[in-house]
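Notes follow the structure.
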Amino acid sequence: MKKKPTHRYWLFKSEPSAFSIDHLTKAPKQTAPWDGVRNYQARNFLRDDVQVGDEVLFYYSREEPLGVFGTMRVTKTGYPDKTAFDPKSCYYDASSDPEKPRWVVVDVTFVQKFPEPVTRDMLAEDSVTSKMLVMKRGMRLSIQPVTPEEWQAVHRLAGVATK
């Protein structure tokens, strides 16, 4: 039986106009729920695999510049995503049942903002980061595992030490 690693690395995507790393730094205690995930595979990662203490790359998608802007740490494991039950929320899901919640969130806490973003072009040019899931054509998953080598390489490209 294979043992799950005790500490994992992830990449979480967000559109900066919806929720940026700067929004996270201004949140109470620099902590916020990572809500609005509406893909079953990403939800399963949040529900089953993401654990307290896991470290996360904060990636901007869909809005230029695309890339990694900093890091966060998971501070609370999966719990029901209340936005699914709120008809006023853009993440509302009328078929989600509060008795059997379909969608989950985790809480993340700000760790660091990179002095300059590690852009998608920079990731593509590096021998380690060019193989990341986020770099694969058609990969739209908003929650993705990252290897320890990829984590280190992103920090090297950012010119910062891991915290």
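The table below gives the values:
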| item | result |
| --- | --- |
| Answer residue from the stretch 6-26, given it is surrounded by 12 or more Cβ atoms within 10 Å (Cβ to Cβ) and more than 17 Å from residue 60 (Cβ to Cβ) and is nearest to the chain's Cα centre (by Cα) among those | 9 |
| Flag if residue 108 is free of Cβ contacts under 8 Å to residues at least 60 places away in the same chain, closer than 19 Å to residue 67 by Cα, in contact with a strand residue (DSSP E or B) (Cβ under 7 Å, 6 or more places away or on another chain) and not in a loop (DSSP other than H, G, I, E, B) | no |
| Evaluation of residue 78 against (1) within 16 Å of residue 32 (Cα to Cα); (2) in a helix (DSSP H, G or I); (3) of a type in the set (Gly, Ala, Ser) (one fails), failing number | (2) |
| Residue 53 at pLDDT 95 or above and part of a loop (DSSP other than H, G, I, E, B) | yes |
| Only listed residue being in contact with a Leu (Cβ under 7 Å, 6 or more places away or on another chain) and either surrounded by 15 or more Cβ atoms within 10 Å (Cβ to Cβ) or touching a residue at least 24 places away in the same chain (Cβ under 8 Å) (or both), chosen from 59, 91 | 59 |
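The values are calculated or read from the model by the stated rules, or taken from the named source; none is laboratory data. This one's a predicted model, so the numbers in the text were calculated from it and none came from an experiment. With ideal geometry, Cβ positions are generated from the backbone for all residues, glycine too; neighbour counts draw on all protein chains shown.
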